[in-house]
Amino acid sequence: MKIKKLKLKNFRGYKEESIISFNSLTAIVGKNDIGKSTILEALDIFFNDSKGAIKLDNDDFNVDAPINDHNICISAVFTEIPTEIILDETCSTTLQREYLLNVDGDLEITKEYKSNTSSGMTVKIRANHPTNDNCSKLLSKKQADLQKMILDLGLECEDNRKNTLMRTAIWNHFSDSLNLQEVELDVSSKESDIKSIWEKLQLYIPNYSLFQSDRKNCDGDGEVQEPLKEAVKQILQGNDIAEELNNIAERVKNRLQDVSDNTLEKLREMNSDLANSLHPKLPDVASLKWSEVFKNISITGDGDIPINKRGSGVRRLILLNFFRAEAERKLSSSNRNSIIYAIEEPETSQHYEHQKILIKALKDIAGHNNSQVIITTHSGDIVKSLNWSDLRIIVNNSDRKEIISEITKHLPYPSLNEVNYCVYDMPSVEYHNELYGYLQAKAIADDPNNCHENKFEQWLISKGLAQTKNWIKENRGMALDPQPRTLQTYIRNLIHHPENTRNEVYNENDLRRSIQEMIVITDNLNQLQIESTSMI
């Protein structure tokens with residue numbers, strides 16, 4: 001299965017229900033402290049029940065939530081549902097047949113938290129489920145109750161010892177009056193058999209591993225040593241290694257016994273009472289902790305330089321791949337068939353070339369059928385290396401957070417450069433070119449002659465811009481007389497004619513001011529278009 005959507009309510013800054021959708025690769029972007037990491041941490045709480053990287057506590061409850069609706073709700077919607085699952089004994093069934101999918105045909109699970117302890121958690125499945133009183137609570141009925149229903153209704157059933165088959169027979173009997181409606185089924189109830197169904201269902205939920213941006217970078221930390229220690233544990237548990245170690249231990253023990261016996265025998269010749277009061281105390285072979293021999297394992301570089309003595313970028317890169325290896329180990333040992341890698345700010349401490357390699361690696365991972373990748377990022381370069389459909393942008397909208405999949409704030413089409421400008425206040429020559437080209441197209445639509453620079457300059461002046469710069473044009477290596485130009489055209493010419501070194505280079509403030517002035521024009525044009533359209 002893969003996660004399709006996350007729904008958050010009353011969790012930290014997410015008071016009203018907010019919904020974020022996921023692809024195979026999803027990048028969450030937004031300004032600092034807007035709630036990017038909150039999404040990854042909410043997923044960790046959901047998947048790992050506060051036993052992973054994040055522990056739920058009272059500070060996670062939204063302080064502005066009404067008292068009568070103060071519970072945290074974290075819901076995950078899953079797609080790519082297995083065609084066959086086992087919920088009862090060894091009898092296979094489908095979630096469709098058990099009416100456990102929502103109206104969209106997806107598996108939707110909600111975990112509701114009343115306190116910061118696992119005992120305060122309720123698990124519900126939102127499902128398009130029968131509401132006919134005669135067959136609405138079959139999932140919670142014990143086998144004996146289902147058998148009685150089959151008998152009372154006079155139904156034929158392939159095997160009255162299998163709950164799945166009995167439920168199907170009963171639902172088929174009421175097929176014309178099931179009254180399907182989307183309801184929430186409490187699958188954590190201890191008062192019925194439905195809890196066993198939830199326990200089986202959890203085996204199909206993806207593994208979730210979170211790599212945090214403030215993860216420690218020391219080779220002595222448990223997070224670094226854990227994969228190697230786990231490897232030691234698994235190696236030592238191998239039948240061939242375990243047998244060999246036990247043989248060695250027995251040989252050592254036997255020799256120690258001989259040394260002890262010989263010592264006491266000699267002592268007995270001198271003081272028999274003392275010798276008889278003594279006896280050797282040797283450890284039981286089964287109690288020996290061979291893993292302690294390898295407790296100081298680590299990974300070092302040339303010259304035995306440990307990780308914590310390397311540069312921060314190298315440390316983080318090594319740790320990131322420790323994380324990947326450990327996540328895959330957990331997947332292989334859990335009998336689950338899918339995994340979600342969640343990584344906060346993969347660009348942290350990484351050289352630009354490493355960022356490119358890393359994002360390519362993450363794209364490759366996301367391309368696997370059983371993997372998804374979710375990242376948060378502040379890197380405009382990473383944003384521009386992704387597909388538009390991979391982006392999720394968090395914005396504050398009145399008193400709620402909104403997660404949108406595109407920004408068409410100024411340009412009439414999705415632009416990754418506009419995302420970087422609007423989200424990170426990052427002016428770029430690419431965004432300047434897009435705005436300039438858009439305004440040119442608008443001007444040419446008014447008059448084809450505006451394709452010429454002088455004509456377009458007059459069009460820009462008519463929109464409120466001023467010619468504050470002088471552009472020195474070259475002709476066959478000779479400088480021509482300076483010509484007045486708007487800042488926008490001046491920067492545009494510098495961008496497209498880097499070979500002309502006769503003009504003063506613009507700075508970042510110039511680029512930002514030029515972009516802001518073009519944005520004012522585009523917004524005015526867009527508003528005029530909206531008004532004219534509404535009048536038709």
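The values are calculated or read from the model by the stated rules, or taken from the named source; none is laboratory data. Note that the structure is a prediction, hence the values are computed from the model and not measured. Glycine gets a Cβ as well: all are built from the backbone with ideal geometry, and neighbour counts include every protein chain shown.
All conditions in (1) loosely packed, with under 13 Cβ neighbours inside 10 Å; (2) modelled with pLDDT of 65 or more; (3) not hydroxyl-bearing (S, T, Y) hold for K195, with the sole exception of (1).
For I150, the requirement of being surrounded by 13 or more Cβ atoms within 10 Å (Cβ to Cβ), in the same structural domain as V187 (by TED's automatic domain parsing) and not in a loop (DSSP other than H, G, I, E, B) is not met. Checking each residue in region 389-398 for being under 17 Å from G30 (Cβ atoms) and either touching a residue at least 60 places away in the same chain (Cβ under 8 Å) or buried (at least 20 other Cβ atoms within 10 Å of the Cβ) (or both) picks out D390, L391, R392, I393, I394, V395, N396. Taken together, Y421, Y413 contain a single residue that is surrounded by 15 or more Cβ atoms within 10 Å (Cβ to Cβ) and not assigned by TED's automatic domain parsing to the domain that holds N23, which is Y421.
Among the numbered conditions (1) within 30 Å of I20 (Cβ to Cβ); (2) of a type in the set (A, V, I, L, M); (3) outside any loop (DSSP other than H, G, I, E, B), the only one that L411 does not meet is (3). Residues in region 388-407 include none that are more than 29 Å from K7 (Cβ to Cβ) and at pLDDT below 85. Taking each residue of region 62-90 that is farther than 30 Å from K15 by Cβ and looking for partners that are of a type outside the set (D, E, K, R) and assigned to a loop (DSSP other than H, G, I, E, B) with beta-carbon atoms closer than 6 Å, six or more apart or interchain, yields E80/M1; I81/L95. Of all residues in region 390-408, those being in a strand (DSSP E or B) and either of a type in the set (S, T, Y) or under 20 Å from the mean Cα position of the chain (by Cα) (or both) number 9. Of all residues in region 160-175, which are closer than 21 Å to L100 by Cβ and not polar (S, T, N, Q)? Once the filter is applied, which keeps residues that are closer than 21 Å to L100 by Cβ and not polar (S, T, N, Q), region 160-175 yields K162, L165, M166, R167, A169, I170, W171, H173, F174. Quick check on region 167-182. Is at least one of its residues in contact (Cβ under 8 Å) with a residue 40 or more places away in the chain, of a type in the set (D, E, K, R) and surrounded by 12 or more Cβ atoms within 10 Å (Cβ to Cβ)? Within region 167-182, one or more residues are in contact (Cβ under 8 Å) with a residue 40 or more places away in the chain, of a type in the set (D, E, K, R) and surrounded by 12 or more Cβ atoms within 10 Å (Cβ to Cβ).
Residues in region 114-147 that are in a helix (DSSP H, G or I) and surrounded by fewer than 13 Cβ atoms within 10 Å (Cβ to Cβ) were compared, and the one that is modelled with the lowest pLDDT is S118. Entry remark, region 65-83: residues being more than 30 Å from A169 (Cβ to Cβ), of a type in the set (A, V, I, L, M, F, W, C) and part of a loop (DSSP other than H, G, I, E, B) number 1 in total. Counting only helices (runs of 4 or more DSSP H) that sit wholly inside region 415-518, those with at least 1 residues that are out of contact with any Cys (no Cβ under 6 Å at 6 or more places or on another chain) and under 30 Å from I404 (Cα atoms) are 416-424, 429-446. Taking I86 as the residue in question, decide whether it is more than 27 Å from I393 (Cα to Cα), assigned to a strand (DSSP E or B) and β-branched (V, I, T). Yes, satisfied.
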